[in-house]
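Asker: What follows is a single structure, and I will ask about it in a moment.
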Amino acid sequence: SRIYSKSGLVPQSYQDKPQDCFVAISMAQRMDLDPLFVMQNLYVVKGKPSWAGQACIALINGCGRFKDVHHVYTGEKGTENRGCRVVATRVSSGEVVEGPDVTLAMAKAEGWTSNSKWRNMPELMLAYRSSAFFARVYCPEALMGIQIADEVEDVAKSDKASALTEALKGGNG
(Lines give C-alpha, C1' and ligand atoms only; values in the text may rest on other atoms or scores of the structure.)
Protein backbone atom coordinates (compact mmCIF):
# COMPACT_ATOMS: atom_id res chain seq x y z
CA SER A 1 0.00 0.00 0.00
CA ARG A 2 2.96 2.31 0.59
CA ILE A 3 4.07 1.86 -3.03
CA TYR A 4 0.59 2.77 -4.31
CA SER A 5 0.54 5.84 -2.07
CA LYS A 6 3.78 7.07 -3.67
CA SER A 7 2.53 6.61 -7.24
CA GLY A 8 1.46 9.56 -9.36
CA LEU A 9 -0.97 7.22 -11.17
CA VAL A 10 -3.31 6.83 -8.21
CA PRO A 11 -5.87 9.56 -7.58
CA GLN A 12 -4.57 12.46 -5.50
CA SER A 13 -6.89 11.55 -2.62
CA TYR A 14 -4.83 8.33 -2.15
CA GLN A 15 -1.36 9.84 -2.61
CA ASP A 16 0.74 9.84 0.57
CA LYS A 17 -2.06 7.96 2.37
CA PRO A 18 -0.89 4.33 2.65
CA GLN A 19 -3.69 3.56 5.11
CA ASP A 20 -6.35 4.57 2.55
CA CYS A 21 -4.52 2.60 -0.14
CA PHE A 22 -4.52 -0.43 2.18
CA VAL A 23 -8.31 -0.19 2.61
CA ALA A 24 -8.79 0.14 -1.16
CA ILE A 25 -6.50 -2.83 -1.83
CA SER A 26 -8.35 -4.88 0.79
CA MET A 27 -11.70 -4.03 -0.80
CA ALA A 28 -10.32 -4.85 -4.24
CA GLN A 29 -9.17 -8.27 -3.05
CA ARG A 30 -12.54 -9.07 -1.42
CA MET A 31 -14.41 -7.97 -4.53
CA ASP A 32 -11.95 -9.52 -7.01
CA LEU A 33 -11.30 -6.12 -8.59
CA ASP A 34 -8.18 -4.28 -9.64
CA PRO A 35 -6.96 -1.98 -6.82
CA LEU A 36 -6.66 0.94 -9.25
CA PHE A 37 -10.32 0.50 -10.26
CA VAL A 38 -11.32 0.82 -6.61
CA MET A 39 -9.05 3.83 -6.03
CA GLN A 40 -10.32 5.57 -9.16
CA ASN A 41 -13.98 4.96 -8.31
CA LEU A 42 -14.23 5.08 -4.51
CA TYR A 43 -14.49 8.47 -2.83
CA VAL A 44 -15.13 9.67 0.67
CA VAL A 45 -18.18 11.96 0.67
CA LYS A 46 -19.43 13.41 3.96
CA GLY A 47 -17.18 10.92 5.78
CA LYS A 48 -18.64 7.87 3.98
CA PRO A 49 -17.04 5.69 1.32
CA SER A 50 -18.98 6.19 -1.92
CA TRP A 51 -18.76 4.71 -5.40
CA ALA A 52 -18.52 7.01 -8.39
CA GLY A 53 -21.72 6.81 -10.40
CA GLN A 54 -20.02 5.24 -13.40
CA ALA A 55 -18.67 2.42 -11.23
CA CYS A 56 -22.13 0.87 -10.75
CA ILE A 57 -22.52 -0.31 -14.32
CA ALA A 58 -18.98 -1.74 -14.26
CA LEU A 59 -19.77 -3.56 -11.01
CA ILE A 60 -23.03 -4.94 -12.46
CA ASN A 61 -21.19 -6.15 -15.56
CA GLY A 62 -18.35 -7.52 -13.45
CA CYS A 63 -20.50 -9.55 -11.07
CA GLY A 64 -20.98 -12.18 -13.79
CA ARG A 65 -24.68 -12.73 -13.12
CA PHE A 66 -25.99 -10.66 -16.06
CA LYS A 67 -25.41 -10.21 -19.76
CA ASP A 68 -26.73 -7.66 -22.26
CA VAL A 69 -26.81 -5.00 -19.54
CA HIS A 70 -28.09 -1.73 -20.98
CA HIS A 71 -29.97 1.46 -20.18
CA VAL A 72 -33.44 2.07 -21.56
CA TYR A 73 -34.60 5.69 -21.65
CA THR A 74 -38.29 6.53 -21.47
CA GLY A 75 -40.34 9.70 -21.86
CA GLU A 76 -39.48 12.82 -23.78
CA LYS A 77 -36.00 14.29 -23.49
CA GLY A 78 -35.99 17.59 -21.58
CA THR A 79 -39.24 16.91 -19.72
CA GLU A 80 -39.92 15.70 -16.20
CA ASN A 81 -41.28 12.39 -17.53
CA ARG A 82 -37.83 11.55 -18.96
CA GLY A 83 -36.58 8.44 -17.23
CA CYS A 84 -34.14 5.58 -17.36
CA ARG A 85 -33.90 1.99 -16.14
CA VAL A 86 -31.35 -0.78 -16.48
CA VAL A 87 -32.40 -3.93 -18.31
CA ALA A 88 -30.32 -7.11 -18.28
CA THR A 89 -30.56 -10.84 -18.85
CA ARG A 90 -29.78 -13.27 -16.03
CA VAL A 91 -27.00 -15.60 -17.13
CA SER A 92 -28.39 -18.44 -14.98
CA SER A 93 -31.91 -18.52 -16.41
CA GLY A 94 -32.10 -16.26 -19.46
CA GLU A 95 -34.76 -14.19 -17.66
CA VAL A 96 -34.85 -10.51 -18.63
CA VAL A 97 -34.94 -8.31 -15.53
CA GLU A 98 -35.63 -4.58 -15.31
CA GLY A 99 -34.47 -2.24 -12.61
CA PRO A 100 -36.62 0.51 -11.15
CA ASP A 101 -37.36 3.55 -13.31
CA VAL A 102 -35.64 6.76 -12.29
CA THR A 103 -37.28 9.89 -13.71
CA LEU A 104 -36.55 13.58 -13.63
CA ALA A 105 -39.87 14.03 -11.79
CA MET A 106 -38.54 11.65 -9.12
CA ALA A 107 -35.24 13.56 -8.99
CA LYS A 108 -37.14 16.81 -8.49
CA ALA A 109 -39.48 15.32 -5.85
CA GLU A 110 -36.52 13.86 -3.94
CA GLY A 111 -34.61 17.15 -4.06
CA TRP A 112 -31.79 15.71 -6.17
CA THR A 113 -32.03 18.53 -8.71
CA SER A 114 -30.44 20.94 -6.23
CA ASN A 115 -27.26 19.22 -7.43
CA SER A 116 -26.32 21.11 -10.61
CA LYS A 117 -25.32 17.86 -12.34
CA TRP A 118 -29.03 16.93 -12.54
CA ARG A 119 -29.72 20.19 -14.39
CA ASN A 120 -26.60 20.19 -16.58
CA MET A 121 -26.31 16.49 -17.50
CA PRO A 122 -29.65 14.83 -16.72
CA GLU A 123 -29.22 11.89 -19.13
CA LEU A 124 -25.98 10.85 -17.46
CA MET A 125 -27.38 11.28 -13.96
CA LEU A 126 -30.44 9.17 -14.88
CA ALA A 127 -28.10 6.43 -16.11
CA TYR A 128 -25.93 6.55 -12.98
CA ARG A 129 -28.85 6.53 -10.56
CA SER A 130 -30.75 3.80 -12.43
CA SER A 131 -27.57 1.68 -12.37
CA ALA A 132 -27.31 2.12 -8.61
CA PHE A 133 -30.98 1.17 -8.16
CA PHE A 134 -30.57 -1.93 -10.35
CA ALA A 135 -27.48 -3.04 -8.44
CA ARG A 136 -29.22 -2.52 -5.11
CA VAL A 137 -32.15 -4.72 -6.19
CA TYR A 138 -30.43 -7.47 -8.20
CA CYS A 139 -26.79 -7.66 -7.04
CA PRO A 140 -26.37 -5.68 -3.80
CA GLU A 141 -23.19 -7.59 -2.98
CA ALA A 142 -21.54 -5.93 -5.99
CA LEU A 143 -21.76 -2.56 -4.21
CA MET A 144 -20.70 -4.00 -0.81
CA GLY A 145 -23.41 -1.87 0.78
CA ILE A 146 -21.71 1.34 -0.33
CA GLN A 147 -23.82 4.14 -1.81
CA ILE A 148 -22.85 6.10 -4.89
CA ALA A 149 -21.28 9.49 -4.27
CA ASP A 150 -24.19 11.47 -5.71
CA GLU A 151 -26.64 9.63 -3.41
CA VAL A 152 -24.62 10.59 -0.33
CA GLU A 153 -24.50 14.23 -1.47
CA ASP A 154 -28.25 14.23 -2.23
CA VAL A 155 -29.12 12.77 1.19
CA ALA A 156 -26.86 15.29 2.94
CA LYS A 157 -28.54 18.17 1.08
CA SER A 158 -31.98 16.71 1.83
CA ASP A 159 -31.11 16.35 5.54
CA LYS A 160 -29.90 19.98 5.64
CA ALA A 161 -33.10 21.15 3.97
CA SER A 162 -35.21 19.14 6.44
CA ALA A 163 -33.27 20.55 9.39
CA LEU A 164 -33.68 24.08 8.04
CA THR A 165 -37.42 23.54 7.51
CA GLU A 166 -37.80 22.23 11.06
CA ALA A 167 -35.80 25.15 12.47
CA LEU A 168 -37.95 27.64 10.57
CA LYS A 169 -41.06 25.94 11.94
CA GLY A 170 -39.62 26.21 15.43
CA GLY A 171 -38.94 22.48 15.72
CA ASN A 172 -35.91 20.78 17.24
CA GLY A 173 -34.89 19.03 13.95
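The values are calculated or read from the model by the stated rules, or taken from the named source; none is laboratory data. Because the structure is predicted, anything quoted here is derived from the model rather than measured. Every residue, glycine among them, receives a Cβ derived from its backbone with ideal geometry; neighbour counts consider all protein chains shown. Keep in mind that these areas ignore ligands, DNA and RNA; they rest on the heavy atoms of the full protein, side chains included. Shrake-Rupley method; radii C 1.70, N 1.55, O 1.52, S 1.80 Å.
Asker: Determine the shape class of the range 46-97: with a ≥ b ≥ c the square roots of the Cα gyration tensor eigenvalues, call it rounded for a/c under 1.5, and otherwise prolate if a/b is greater than b/c, oblate otherwise.
Answerer: oblate
Asker: For the range 38-115, what relative contact order do you get, as a whole percent, if you take Cα pairs closer than 8 Å and at least 6 residues apart?
Answerer: So the answer I get is 19 percent.
Asker: For the pair ARG119 and VAL96, what calculated FRET efficiency results from E = 1/(1 + (r/R0)^6), where r is the Cβ-Cβ distance and R0 = 22 Å, to the nearest 0.05?
Answerer: 0.10
Asker: Using just the alpha carbons, could you tell me how many Å³ per residue the convex hull of the range 14-140 encloses?
Answerer: On the way: hull volume 14.8 nm³, N = 127.
Per-residue hull volume (Cα only) is 116 Å³.
Asker: From the phi of every residue in the range 102-111, what ³J(HN,Hα) in whole Hz does the Karplus formula 6.51 cos²θ - 1.76 cosθ + 1.60 yield, where θ is phi - 60° and glycine or proline is x?
Answerer: These are the phi-based 3J(HN,Hα) values: 10, 10, 5, 4, 4, 4, 5, 4, 7, x Hz.
Asker: Would you work out which of GLY99, SER116, ALA132 lies farthest towards the positive end of the dipole of the chain? Charges go on Cβ: Lys and Arg +1, Asp and Glu -1.
Answerer: SER116
Asker: Could you check how much of the accessible area of the range 41-154 is carbon and sulfur, as a whole percent, using a 1.4 Å probe?
Answerer: 52
Asker: In addition: Keeping every protein chain present and rolling a 1.4 Å probe, give me the accessible area per residue for the range 20-85 in Å².
Answerer: Each residue of the range 20-85 exposes 55 Å² on average to a 1.4 Å probe.
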